[in-house]
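Undergrad: Submitted below is the structure of interest, expressed as structure tokens.
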Amino acid sequence: MHKKQRLALLSAAFLSMIPFAHADLKLNVVSDYDLALNAEHWKEPKNDQIPQGLVHEVSLSNPSSPYSLYPKNFLQQPKFVVCYVDCKTPDKFKLSGDSLDKSKMSDWDLVEQSNVYYWLSKYTNYLNQNFNFTPKWFLEVYTNHKVREEGKLLRNNAFYNPAKNTLSFLPASNSFLFKVMGGKINRSGFDPSVVLHETSHFLFQHFFADPINDEISGLNEGFADYMANTFLNNPKVGLIMLQGKTLRDSSTLVDSSGKLKAYVPRLEVHDLGERVALALWKSREIAPDKIAFDRIVMESVQELSQNPFAAIHDFKNIMVKRIRYEFPSQDAAKAQAQWDLIFPGEATKIASLAFLDEPRKNQAYMGFKIRQIVSPEMASMTGSNKDIKANFSLIATKVLTPKQHAILVAVDNDEGTLTTPYWIVVDDERLNVIGAFGIDKHPVTDKEEMKKVKEIAAQVITANDFVKDFVSKVKIFTQFAKGQGELASAYKLKKGVLTETNLDMNGDKVKGLTYSFELKAKLLATVLTLGNLPDIDSVTLYSLPFAEGGPKGLPTLNEQKIIGYKLMMKSGGGQEVILDKFRN
């Protein structure tokens with residue numbers, strides 16, 4: 001049982017003695033989203049303010065668990081809690097009678113927290129009543145939440161964190177430059193469509209928790225927009241946050257640049273999500289029973305989750321099949337035409353499995369030790385480990401078609417030895433993994449093995465780009481160590497330390513060098529970039545001597561080949577990539 005659920009149970013005895021426990025709670029919220037379309041409302045409000053004509057007092061049943069531990073107050077239900085900034089410090093309001101009495105809390109802070117609680121309450125009740133949905137996990141929600149990334153305070157956003165099952169609504173921009181340039185934006189927690197969108201990511205997590213392909217992240221974004229659209233009966237997202245302007249519109253066939261919202265490979269997830277939401281919204285307009293169609297959408301996502309290698313065209317196939325069954329034939333034909341227009345083409349299938357039987361010749365291979373170093377603050381916020389390792393070796397490649405290839409990948413264990421090789425089949429055009437096989441030729445189906453496949457999928461899909469990026473970075477850092485290159489125009493090299501060390505190469509310890517140096521941003525570069533230079537703290541280069549020249553394309557420093565780097569940011573985050581296996 002979640003800690004806050006336990007504490008809520010402890011408070012039950014208090015509730016029976018409180019006179020307002022069964023009364024309605026009065027909250028000031030944005031209760032009518034459609035009113036935000038009226039441009040007249042937005043002529044006067046300043047940045048991070050809502051017109052008074054959009055804020056109304058509503059009555060809502062009192063929180064079923066308003067106390068987690070006296071005297072700390074929460075707006076809490078059995079399955080979620082809405083806290084101001086975080087859930088660790090006491091809220092700055094008191095429940096008094098049927099209203100909230102603020103203390104050291106601005107009116108707008110109170111409106112935001114009330115607004116998130118109001119819409120979250122209505123939406124979860126709606127999901128339960130219409131789709132029998134009850135969350136598996138307790139959801140913590142933070143308004144005006146302070147989040148830092150690489151030392152900078154993030155603003156103008158909201159996000160769901162599946163690792164901790166939390167929703168965060170961030171502050172709006174308040175910088176002088178933003179205001180001077182006429183920027184107007186409201187914090188995300190003011191906007192009902194944003195609240196519903198982020199909560200729908202939480203819903204999606206129940207249906208499809210561990211996708212391998214990024215296209216499912218696009219489906220997640222489109223699903224979140226669509227669910228917000230349906231609940232509000234409005235295809236526009238972001239009207240309150242953008243002060244009457246539209247962030248995304250699920251009813252328009254063209255995007256903000258005037259281009260048709262048709263699928264092309266490698267779309268950014270929100271752009272792909274726009275196309276998903278469009279196809280779903282247009283189908284819903286035709287649907288004879290709107291709620292029944294929403295149920296079809298949810299069931300289709302659940303069906304899709306049975307295929308860990310699913311991509312967006314697999315979802316299209318499931319939806320079209322269900323539409324044909326549920327809609328009258330003429331309406332089904334109209335809906336399918338929309339799907340074919342927005343998502344032309346078919347789901348990708350593996351062209352041939354002959355590569356599994358072909359003998360593998362000795363050929364060049366390379367392996368990398370990769371470590372993503374997460375800053376303590378970010379690790380705490382996301383619930384991730386401080387060190388995320390993804391060591392792998394690229395052993396062999398088989399071309400199946402001009403747009404498909406299979407690559408044999410060996411995952412490294414903690415001791416640095418190769419283990420559990422997998423053949424992973426990649427759709428080169430759409431950048432999706434479409435299958436994985438063990439060296440026993442059997443498809444990977446075991447959940448634990450699938451986790452390993454997922455961990456290396458991103459590197460495998462973009463293996464060529466990964467290698468190019470690695471070579472590019474070591475060249476840039478090596479040039480900087482020599483006082484040259486683009487990095488030298490923005491940073492000073494404070495001090496460098498050269499150290500002898502032993503490095504792994506092909507399973508052996510080899511004597512090499514590390515060269516570590518600290519960086520300091522130049523004043524002029526800081527001014528010209530308006531303070532947006534990356535806060536790089538230090539770089540370490542790793543090098544080894546090679547008798548026969550070593551890997552081609554890698555730079556030389558101190559008469560040795562640079563085989564890796566470690567980049568550290570001032571926030572404590574960073575990345576380390578070292579070539580530790582190589583054969584021509």
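Undergrad: Looking only at region 195-240, which residues are touching a residue at least 60 places away in the same chain (Cβ under 8 Å), small (Gly, Ala, Ser) and assigned to a loop (DSSP other than H, G, I, E, B)?
TA: ALA209
Undergrad: Which one is surrounded by the most Cβ atoms within 10 Å (Cβ to Cβ) among residues in region 356-388 that are more than 30 Å from LYS146 (Cα to Cα) and either hydroxyl-bearing (Ser, Thr, Tyr) or at pLDDT below 65 (or both)?
TA: It comes out as TYR365.
Undergrad: For region 12-21, does any single residue satisfy the condition of being at pLDDT below 90, over 19 Å from TYR118 (Cβ atoms) and either touching a strand residue (DSSP E or B) at 6+ places or on another chain (Cβ under 8 Å) or of a type in the set (Lys, Arg) (or both)?
TA: yes
Undergrad: Could you tell me which residue of region 470-497 is surrounded by the fewest Cβ atoms within 10 Å (Cβ to Cβ), considering only residues that are outside any loop (DSSP other than H, G, I, E, B) and of a type in the set (A, V, I, L, M)?
TA: Per the stated criteria, the residue is VAL497.
Undergrad: Among the candidates ILE456, ILE434, which residue alone is at pLDDT 90 or above and either of a type in the set (Phe, Trp, Tyr) or out of contact with any helix residue (DSSP H, G or I) (no Cβ under 7 Å at 6 or more places or on another chain) (or both)?
TA: ILE434
Undergrad: Ok, one more. Note down all Cβ pairs under 8 Å where the first residue falls in region 422-450 and is assigned to a helix (DSSP H, G or I), the second is β-branched (Val, Ile, Thr), and they're at least six residues apart or on different chains.
TA: GLU449/THR420; MET450/ILE212; MET450/VAL444
Yes or no, residue by residue, for (1) over 22 Å from TYR33 (Cα atoms); (2) buried (at least 21 other Cβ atoms within 10 Å of the Cβ):
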residue: ASP109; (1), (2): no, no
residue: GLN113; (1), (2): no, yes
residue: TYR117; (1), (2): no, yes
residue: ASN125; (1), (2): no, no
residue: PHE131; (1), (2): yes, no
residue: VAL141; (1), (2): no, yes
residue: ASN156; (1), (2): no, no
residue: ALA172; (1), (2): no, yes
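Undergrad: For the condition surrounded by 19 or more Cβ atoms within 10 Å (Cβ to Cβ) and small (Gly, Ala, Ser), what is the one hit in SER538, SER543?
TA: SER543
Undergrad: Let me confirm something: among ALA163, ALA158, which residue is modelled with pLDDT under 95, within 30 Å of VAL460 (Cβ to Cβ) and small (Gly, Ala, Ser)?
TA: Result: ALA163 is the single residue among ALA163, ALA158 that is modelled with pLDDT under 95, within 30 Å of VAL460 (Cβ to Cβ) and small (Gly, Ala, Ser).
Undergrad: Run GLU500 past the list (1) among the acidic types (Asp, Glu); (2) assigned to a strand (DSSP E or B); (3) within 27 Å of VAL409 (Cα to Cα) and report the number of the one that doesn't hold.
TA: (3)
Undergrad: For ASP210, work out the one condition from (1) among the acidic types (Asp, Glu); (2) over 26 Å from ILE50 (Cβ atoms); (3) at pLDDT 95 or above it doesn't fulfil.
TA: Exception for ASP210: condition (3).
Undergrad: Being buried (at least 16 other Cβ atoms within 10 Å of the Cβ), farther than 19 Å from LEU394 by Cβ and out of contact with any Lys or Arg (no Cβ under 9 Å at 6 or more places or on another chain) is the filter here, so list the residues in region 546-569 that pass it.
TA: Matches in region 546-569: GLN560, MET568, MET569.
Rundown of residues vs (1) of a type in the set (Phe, Trp, Tyr); (2) touching a strand residue (DSSP E or B) at 6+ places or on another chain (Cβ under 9 Å); (3) part of a helix (DSSP H, G or I); (4) not assigned by TED's automatic domain parsing to the domain that holds ASN432, yes/no style:
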{"residue": "LEU242", "(1), (2), (3), (4)": "no, no, no, yes"}
{"residue": "GLY258", "(1), (2), (3), (4)": "no, no, no, yes"}
{"residue": "ALA262", "(1), (2), (3), (4)": "no, no, no, yes"}
{"residue": "PRO265", "(1), (2), (3), (4)": "no, yes, no, yes"}
{"residue": "LEU272", "(1), (2), (3), (4)": "no, no, yes, yes"}
{"residue": "ASP294", "(1), (2), (3), (4)": "no, no, yes, yes"}
{"residue": "SER300", "(1), (2), (3), (4)": "no, no, yes, yes"}
{"residue": "MET319", "(1), (2), (3), (4)": "no, no, yes, yes"}
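Undergrad: Also, quick follow-up: Give region 514-541 a look and list any residue that's in contact with a Phe, Trp or Tyr (Cβ under 7 Å, 6 or more places away or on another chain) and not polar (S, T, N, Q), or say none.
TA: Matches in region 514-541: LEU519, LYS520, ALA521, LYS522, ILE536, VAL539, LEU541.
Undergrad: Could I ask something else about it? Going through LEU27, LEU75 one at a time, which residue ends up being closer than 26 Å to ASN156 by Cβ and either surrounded by fewer than 15 Cβ atoms within 10 Å (Cβ to Cβ) or at pLDDT 85 or above (or both)?
TA: Answer to the selection: LEU27.
The values are calculated or read from the model by the stated rules, or taken from the named source; none is laboratory data. Given the structure is predicted, the values throughout are model-derived calculations rather than measurements. Backbone-built Cβ (ideal geometry, glycine too); neighbour counts: all protein chains shown.
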